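Shown next, in structure tokens, is the structure this report addresses.
The values are calculated or read from the model by the stated rules, or taken from the named source; none is laboratory data. Keep in mind the model is a prediction, meaning the values are calculated, not measured. All Cβ positions, even for glycine, are placed from backbone atoms using ideal geometry, and neighbour counts span all protein chains on display. Note: accessible area is taken over every heavy atom of the protein model, side chains too, but ligands, DNA and RNA are not part of it. Shrake-Rupley method; radii C 1.70, N 1.55, O 1.52, S 1.80 Å.
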Amino acid sequence: MSSLARLTAAAAAAGVVAAAIALPAVGGTGAMFVSASEDLGIKPEELKEPPLAERTTVVDAKGNEIAWFYEEYRENVKLDQMAEIMKTAIISIEDYRFYEHGAIDIEGTIRALAKNLSSGGIAQGGSSITQQYVKQVLLNSATTEKEKNAALEASYARKLRELRYAMAVEDKYTKDEILEKYLNIAYFGAGAYGVEAAAKRFFGVSASELDLAQAATLAGAVQDPNATDPNLGKAQRTKLLNRRNVVLDRMAELEKITPEQAAEAKAKKLGYKGVPIPGGCSASKYPYFCVYVRNEVLRNPIFGKTAKAREQLLDRGGLTIQTTLDPKMQRAAERAIKKHVHASDNPVASEALVEPGTGAIKAMAASREYGTNKRKKEMSYNVVADAAHGGGTGFQAGSTFKTFTLVTALAEGMKINDGFSVGSGYRAPYYSTFKNCKGENIGDPSHTVTNDEGGGGFKSLATGTWGSVNTFFMKLEEKVGLCDTVKTAKSLGIKRSDGLPLQEYSTFTLGTNEMDPVTVANAYASIGARGKYCAPMAITKITDRDGKVKTYEPKCKQALDPEVADAAANILSGVFTKGTMRGVGGIGRPAAGKTGTTDAQATAWFAGFTPDLAGAVSIGDPRGAQNHKLNNVTIGGRYYPSVFGASIPGPIWKDTMIAALKGTPATDFTPVNQSRFGGCGSGCAPVRQERPEPGGDGGDAGDGPLEDVDIADFG
């Protein structure tokens, strides 16, 4: 009896639907159609083949890979990039007549049909590689559980659908093209999709380097990849080993290899290496920046209309995302932090570097590794960024916020030497002294703000800033207005790290709001850019899988009058020579900045800038800054009675900037418009020469108070 006759007889026994699946012999050698197929409507149906889920690669500003994102770990490769023995192995075990038959293998279908008839169900598939490819496409295309179930259901109706699609696939592609597509889409287990990913995951080699035993292992894995997943344990590895040997026996039976070659390969151990799946932020060299980039794509509508669309684009799109990260600057930040703070310390230091005039984030670093290992004190969230970019609640920014009150005063007409006399304590004279931006009275006459070091006296915008005098800035905020100060801060991108509205209390100028280094660094970068605010930027270009390029430009606005920014930079530059950073010193080029320490040393900060680069450093205890303050602590192997902005954050910033800007020509700040900001307006008084007083340990400087300058710096 001929193959066709046997098939027809079997089909008749199985019923019309089975006949519809089994009757046609399409394409390949001896291609034919049984006449009944036309009556049954067996015609090719075009298969929609959406692009395979493919990894997205993230690169730094120099083009170096720093992270991968993917839903399925897959690397598509061409057929000629796969070892010949791999092709032979998969064809031998899955469809040995692949190059001879069309969309359906009649002999294979007869065997499966007979087995199914005797078992009363679907016991054997008998699918060709083309049909298996179709099944994988339908499964990969499924977006709902109903569609997934339909792609996997054990029914002749599914087989019929697959056959129609397979007929169209055979008409559309060559056999080699179909085999290439199948080997790129197949799941091999252990989280590896496609033969290239499987070769790397299982054996640490590329698909082009697979030997006989390895190829047979992978060929055996595709039948039931979950049951033979070597990553799941000894039982699964034993099943995979047995399956490998079945493949080797089949290859020998088909005379694709000799019995001796089969025996030699069977004598080898499984050889599974379980090479860690690359990618994800935990595996990145720069995990905090990686987390920032991932969240930027997931939350930003410019990358997709819905959250689901953005996630699919990122994890399945095969994109190449070029970022702003500068590896030299990143190394500078990492080394500076490591020098001053150990990963084993309870407090954690973090730093962000931002380019003035573009908002480009050049570096994000922290003293601890990113991850979930509590024993190693790894950080499970992005301590360098806000909650919208994977961060947490942040730390109170302390006196870095005094800069926004200073800028507001300059914008409202005060000159550099303008000021007033203040005492060692400040109490609002009445409830209506301070109003928030809703016009509500929030002044608190019952609360007294004090300085760490006694007396007051006359303070100008310059001397009050250099000494970071709390009572002066409370009085200055009273003069210029709380709401105006808040508006200035907001214009420079200031927002709470946790995403909640800024708290608009009288102590706003003392930095009671929780911040993150990226936000603070970017605000200071705006002053360095002469008042030009640019939104923080991490992505500059995205290339899709087809080579189409989309570039992203900085989003900027003029937030401050350039001359106001120049005057603020002039005053803040004195912090290094006459203020709280005088004991640390400058960086050998024009720079400006502000220390920040919160009440009773809960957290400490330094934020500073040059015209070329800005940075912000924070340190605090993630267990709870208010309950674990920076007093009587050992950090980086050094004991500190109290930690101030100039104790650790300032030196980290200094070391970072010197290394990060090495080789970059120094840029001067724009000189102050003396006719507008020089000299005195109203409320000016002679200022005595300030000089360091030897000894002591007061305020932010950490190396002695300034005479006539109260260096308290908290809030």
Inset, instruction - Select from region 449-499 the residues that are among the acidic types (Asp, Glu) and modelled with pLDDT of 95 or more and write down the one among them that is least open to solvent (accessible area, probe 1.4 Å). - result: Glu477
Inset, instruction - Mind listing whichever residues of region 488-505 are on the phi < 0 side of the Ramachandran plot, touching a residue at least 60 places away in the same chain (Cβ under 8 Å) and not acidic (Asp, Glu)? - result: Thr488, Ala489, Ser491, Leu492, Ile494, Lys495, Arg496, Ser497, Tyr505
Legend entry - First in region 191-210 and among the β-branched types (Val, Ile, Thr), second anywhere and open to solvent by 30 Å² or more (accessible area, probe 1.4 Å), Cβ under 9 Å, 6 or more apart: Val205/Asp211; Val205/Gln214
Legend entry - Residue list for region 572-599, filter: among the aliphatic types (A, V, I, L, M) and touching a strand residue (DSSP E or B) at 6+ places or on another chain (Cβ under 8 Å): Leu572, Val575, Met581, Ala591, Ala592
Inset, instruction - Return yes or no: is Lys415 charged (D, E, K, R) and either assigned to a helix (DSSP H, G or I) or exposed (fewer than 13 other Cβ atoms within 10 Å of the Cβ) (or both)? - result: no
Legend entry - Top-ranked residue of region 639-676 - restricted to ones that are loosely packed, with under 12 Cβ neighbours inside 10 Å and closer than 22 Å to Ala336 by Cβ, ranked as farthest from the chain's Cα centre (by Cα): Tyr639
Inset, instruction - Within region 179-191, identify whether any single residue is open to solvent by less than 40 Å² (accessible area, probe 1.4 Å), among the acidic types (Asp, Glu) and modelled with pLDDT of 95 or more, and answer yes or no. - result: no
Legend entry - Test: residue in region 225-246 that is out of contact with any strand residue (DSSP E or B) (no Cβ under 9 Å at 6 or more places or on another chain), open to solvent by less than 20 Å² (accessible area, probe 1.4 Å), over 15 Å from Ala199 (Cβ atoms) and touching a residue at least 60 places away in the same chain (Cβ under 8 Å): no
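Every residue, every condition in (1) more than 24 Å from Pro641 (Cα to Cα); (2) assigned to a strand (DSSP E or B); (3) among the aromatic types (Phe, Trp, Tyr), yes or no:
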position	(1), (2), (3)
Ile542	yes, yes, no
Pro554	yes, no, no
Glu563	yes, no, no
Ala569	yes, no, no
Leu572	yes, no, no
Gly588	yes, no, no
Ala600	no, no, no
Inset, instruction - Read through the list (1) free of Cβ contacts under 8 Å to residues at least 24 places away in the same chain; (2) in a loop (DSSP other than H, G, I, E, B), then give the number of the only condition that Lys578 fails. - result: (1)
Inset, instruction - Mind listing just one residue for me: the one in region 523-541 that is out of contact with any strand residue (DSSP E or B) (no Cβ under 7 Å at 6 or more places or on another chain) and among the aliphatic types (A, V, I, L, M) and, of those, least open to solvent (accessible area, probe 1.4 Å)? - result: Ala523
Inset, instruction - Please name all residue pairs, on different chains or six or more residues apart, with Cβ atoms under 7 Å, provided the first residue is in region 136-156 and is free of Cβ contacts under 8 Å to residues at least 40 places away in the same chain and the second residue is surrounded by 14 or more Cβ atoms within 10 Å (Cβ to Cβ) and outside any helix (DSSP H, G or I). - result: Lys148/Ala142; Ala151/Ala142; Ala154/Ile122
Inset, instruction - May I ask you to verify whether Gly681 is under 20 Å from Ala462 (Cα atoms), of a type in the set (Gly, Ala, Ser), touching a Lys or Arg at 6+ places or on another chain (Cβ under 8 Å) and open to solvent by 10 Å² or more (accessible area, probe 1.4 Å)? - result: yes
